[in-house]
Every structure is written in structure tokens, then in C-alpha cells.
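**Q** Dropping the structure in here first, questions after.
Bear in mind these aren't lab numbers, they're just calculated from the coordinates by the rules spelled out. It should be emphasised that the depicted structure is a prediction, and the values quoted were computed from it without experimental measurement. For neighbour counting, all protein chains shown are included, and Cβ atoms are generated from backbone atoms with ideal geometry for every residue, glycine included.
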Amino acid sequence: MKRARYIVMAAVALWAVLGLAAGAAEPVVLNVYMGWDSSHQVNQVINAYIAEYEALHPHVKINNLGRQESADVLLTHIIGGVAPDIVKGGMTMLLTLHMAEALTPVPEHIAQRIKAEFFPVAADAVTIDGRLIAVPMEGNSTALMVNQRILSEKGIGRIPDTWNEFAQLARRLTVYDSQGKIVTPALVEAGQEWSLCYFVLGMFKAEGAGLLDDQGNLTLNTPEARAAVQNLTTALTGNPYMQLGWGPQGRFKNGEIPFGLAFPWWLNGVNDISDFRTTLIPAGSQGYGSAFYNHGYAVTKDSKHQEEAWRFLEWLAFNKRGNEGTPLGHMAAKVGVLPITRWDASSVHFASILSAYGGFMDSLNHGVHPSTILSWGLNNWTVIARLVTDVANRGIAPDTAFENVTTILKTRLEEIRALRNK
């Protein structure tokens, strides 16, 4: 009888062990917005890493859902009970999801690794209210992109250190017609609100200005902010040397224009990359200023597989592969954006382009990012670009442009405060 009891107990224990093992290997399907449309070349790299991860973790299946950068669409999916496990987006989108309590914070052990191993500005840029809400990805900073061939042909050996001196050089390099209109500018920028706003933000830093104080109050209408904006508006009006738009940007990439206010992805598709280099944007009265932004991968609060989702992101971010760096670094190189960890900066995937990234990498030491602005709920902060475009393109007086933008931002802050006080 006693022996029979032991046999039964052993059988029960065996079934328990088998049950635990079966539970550990229970199939998991992760639905992930990796961030790019199916036609983008980076998907070859992404899908290879997904296949590798699935081979290492046979119980995991990862569906690459492509790209979705609309917070409203994602919230609709979440409310409808079909939340993706992982989303990728810019900080404005991620902030919207964070404010809707749709994201789960980065686990502390991963957050500590990000703070220790990523460039500080990259970690800071995904931090809201003291917590990391995403794994940083796709880092971009602002810098001055230079066509060295044109400068050599003009006998120019160095670029001035300050913006005022740079403006004098740029006017000499600009080609005007008999009516004083620009034929070929010396400086270009893409002119989109979502891009120009970062150069305004960087210029704020260079002149000692800011958008908000520590209490979240607007500090826009100050002499320092006006000086920052004036650096750009005077480049576009009066005796201009700068043009905005994709057309001028295309001419720059074709090698016709000496300077561009650029992001790293401008180097994609340039006519001859050996002609180009990058450097810091010339300094304002308070020193150098640049702006940084990155996207991030976040896990949704309604994900049924949060631990597995974070495990996958941790593998992408920290799986160092000798001189190849990490999977995230390889993806960044394929897209044409900055490495945001030191080991990825030395990987073979950046070897052919890193010298051209010099100014962008240097700008990380002088960069500001909009996460502090976003933490106050000011997700329409990009309207600061209108301080420039309304003056340059619409002929609005600078004072009126400041009044209009201040009203837009103040209204948004009041809306957010009302929501938070409910």
C-alpha cells in the first residue's frame, strides 16, 4: 500500500513538472509595430532579427505589423480590445499614449541599462515624469551640413564659429539676380513645421532662451527667444541667403548649394557623399545649440504578453554582436540615423558613414530635446516653427507671429491643466 502511494505521488509530481514545462513553453504571439512600411529596405534587417529571435525562443511568434504613427488609431485598437503588444513612434505620439495611460513604463532593470549604456540625451528624450516610457530608437540631431567641394572651389578654408559671422559668409556665397532675388541660396532647410521646429529649439538654446520654465509656464516672449528667431527670419527676409522647402533641399543634395540645416537622414541619397561633411551649427550669444529627437519602442498596458515583449526589446537593444553592434544599431544604420550607444558607434554598420556624421555626433553634447516640453502636455509645441515661416512666407510682423504662437500654446496648456484637474 505504501509503495502504491509513493508511485501515485511520484506520478503526480511528474505531471506537475510536465505541466510547468508545458506552461513555460506555451505559445506566445507578439504583435509589433516595428515602424516601417513593408517596402522599406530596413525590413530585410528587421525580419532577419525576428527570425533569429524566434529560433532562439521557439514558443514565440512575432508579427511585424509595419508602421502606425497615429496615436488616435492605436487608441482605437486598444479600446476595441485588439491592442498591439509593442508600438514604435516619435515622442509626441508616445506622450499621447502615455497620457491616455495606454503604455507600461520600462521595467527598472532595463531602464537602468538604458541610462548606463545609451548616450544620456537618448535616455533623457524618452523620459516623462522621471520614468522611461520606451526603449530609444532612431536618434536624430541637428547640425550644419557642408558641401566641402563648393567651399574649396570658393577658396573658403573654415566655417565661422558664430552665427553672425556665418551670416556674413552666407550672403557672400548667395547668388542673386539683377532684382536682388535669390537664384542660388547659401543655406537651406526643408521648411516643414515638424523639421524646422527643431532648429528653432536649438537656436533657443544658443541664445539662452526656453519655451517653458520649471513650473510649465510659457517663457516664449523674451528678448532671448526673439533673438533666436531673428537669426532665422533675417536669413530669409530683407537681404536673404536662405530658402526653405523640399526643392531647395533637393538642390543641396545634388551638390548645388553649400550649406544645409540638416538631420542625419539628409545623407541618404546625396549626389556624392565624399563632397559632404557635417559640423556644429554656428554658435549664438550663449554658445552652441542643437536639438535631438528619437523614436522609441513601447509596450502597451493592455498587452497580454508584457514580459515577453520587454524581453524581445531588451534583446534588440543589448544583444551585442562583436563588431556588428546590436540589432537596434544595425537597424538605425540601415535607416540612416545616428547610433545612440557607444558600441554601435564603432560597429561595422556605421563604418562607411560615421566620418560624415561628425557634426551630428558632436551636437549630442549641445542638444536639447522636447520631452520636458511634452511632459507638460504641450504636444503642439512644433508650432514654434511658425515664428519663422509666418514672417518669411506670409509677411506677418514678428510681434504678431509671437502673439499668435503664444496664444496657440497658452490655449493648449490651459486645456491640459483643466484635464489634469478633473
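**Q** How much length is gained on full extension from GLU324 to ASP213, taking 0.36 nm per residue of separation minus their Cα-Cα distance? Walk me through the numbers before you get to the answer.
**A** Values: separation 111, 0.36 × 111 = 39.96 nm, distance 4.20 nm.
Length gained between GLU324 and ASP213: 35.8 nm.
**Q** Need one number: the % of Cα-Cα pairs in the range 40-123 sitting beyond the 15 Å mark.
**A** Details: 2431 of 3486 pairs.
That tail contains 70 percent of the Cα-Cα pairs.
**Q** Which of LEU232, LEU338 comes first, and how do the rest follow, when ranked by fewest Cβ neighbours within 10 Å? Working shown, then result.
**A** Values: LEU232 25, LEU338 28.
The most exposed by this proxy come first: LEU232, LEU338.
**Q** I've got another one for you. Straight-line reach from LYS181: which lysines fall under 30 Å, measuring Cα to Cα and dropping same-chain residues less than 8 apart?
**A** LYS154, LYS253
**Q** Could I ask something else about it? Restricting to DSSP H runs of at least four residues, report the calculated mean residue ellipticity at 222 nm for the chain, -39500 (n - 2.57) per run over all residues, nearest 500 deg cm²/dmol. Write down the numbers at each step before the final one.
**A** On the way: 18 runs with 193 residues, N = 422.
Result for the chain, helices only: -13500 deg cm²/dmol.
**Q** Over the alpha-carbon set of the range 332-385, work out the extent along each principal axis and list the three values in angstrom, largest first.
**A** 39, 19, 19
**Q** Mind checking which lysines have their Cα closer than 22 Å to the Cα of LYS422? Skip sequence neighbours fewer than 8 apart in that chain.
**A** Within the straight-line limit of under 22 Å, LYS422 reaches these lysines: LYS410.
**Q** Taking a quarter of the surface of the Cα convex hull of the range 156-213, what do you get in nm²? Numbers along the way, then the final one.
**A** Values: hull surface 22.7 nm².
Computed as one quarter of the Cα hull surface, the answer is 5.7 nm².
**Q** Over all directions, how big on average is the projection of the convex hull of the alpha-carbon atoms in the chain, in square nanometres?
**A** Averaged projected area of the chain's Cα convex hull equals 25.9 nm².
**Q** Let me ask something else about it. Could you work out how much longer the chain between THR162 and THR222 gets when fully extended? Use 0.36 nm per residue separation minus the Cα distance between them, nm to one decimal. Mind dumping the intermediate values first?
**A** Numbers: separation 60, 0.36 × 60 = 21.60 nm, distance 2.13 nm.
So the extension gain works out to 19.5 nm.
**Q** Can you work out the base-10 log of I(q)/I(0) for the range 124-191 at q = 0.25 1/Å, using the Debye formula on its C-alpha atoms alone?
**A** With no solvent term, the Cα-only Debye profile gives -1.24.
**Q** Among ASN323, ASN365, TRP381, whose Cα lies farthest out toward the positive end of the dipole of the chain, if unit charges sit on the beta carbon of Lys, Arg (+1) and Asp, Glu (-1)?
**A** The residue sitting farthest along the positive end of the dipole is ASN323.
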